[in-house]
Structure formats: structure tokens, C-alpha cells
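*Asks:* Right, I'll just put the structure down here and ask away after.
The values are calculated or read from the model by the stated rules, or taken from the named source; none is laboratory data. Just so it is clear, the structure is predicted and the values come from calculations on it, not from any experiment. Heads up, the Cβs are rebuilt from the backbone with ideal geometry, glycines too, and the neighbour counts pull from every protein chain shown.
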Amino acid sequence: MANRWRCGNCGYRVEAQAPPERCPGCREACDFIDDNRYVPVEEGGPEGAEPAVGPPLVVVVPEACTGCRKCLDVCPVEAIEMRGEVAWIDPTRCDGDAICIAACPEGAIVIPK
């Protein structure tokens, strides 16, 4: 049975026994789970593995966020919350669909490099 994997760099998803050596999305070489570049999507990951959290898929630039809450309204996994007057994205819940980027009128949500 194949596992579902997600590239921590670009969010590309793939089903395979093991993550590929190169991401088909961003075409970068990957160091598999050890580098947290590929993260198992299912909780618990491959049989016997602990859940892994890779680098954030999207982040809020606090200086640009006006607190309009439009990103909260569109996030299908409820990964965004307000911390004071600024939106914050929980990297353990974010699935990387990036709908929030398009919803933000200030351009305050970005994909980190």
C-alpha cells in the first residue's frame, strides 16, 4: 500500500512507498524525511513512524497583516488564528493549499523560501 507524501518545499503531493529522490513539483533533490523536506500526510506517517512536521508551507508577514481575517474565512482546515491583531498559521494543521494567499488583500501571506 502506498503512503501519501507532501513536499515541504513546494507542497506537491505524491503517493508512493517512499518519497521520490527528486520532487516532481519543484524538481529539487530531497533528503527524504530526515531533512523534513517530505512529510507524511497521514497522521503517524509510514507504519511505525512518528508524525513529522516540515518547514512551514505558508507564513504571515506580521508587518503587512492588517487583521482583516479574510484568510481565516477561506482556510478549509482552520489552520489560521488571530494572535492579537495579526493572523498566525499553525504549521501542524496547514495543508499547503495556499487559498489564503489569494484571499489576503495585503499580500501578507507568503510561501517561505
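*Asks:* Restricting segment 48-66 to residues that are surrounded by 13 or more Cβ atoms within 10 Å (Cβ to Cβ) and at pLDDT 90 or above, which is farthest from the chain's Cα centre (by Cα)?
*Replies:* T66
*Asks:* Moving on to the next point. For segment 54-73, how many residues meet the condition of being under 30 Å from P19 (Cα atoms) and touching a helix residue (DSSP H, G or I) at 6+ places or on another chain (Cβ under 7 Å)?
*Replies:* 1
*Asks:* Could you please find all residues in segment 78-103 being at pLDDT 90 or above and out of contact with any helix residue (DSSP H, G or I) (no Cβ under 9 Å at 6 or more places or on another chain)?
*Replies:* R83, G84, E85, V86, W88
*Asks:* Here's a follow-up. Inside segment 61-113, can you point out the residues that are of a type in the set (D, E, K, R) and in a strand (DSSP E or B)?
*Replies:* E81, R83 - these are the residues of segment 61-113 that are of a type in the set (D, E, K, R) and in a strand (DSSP E or B).
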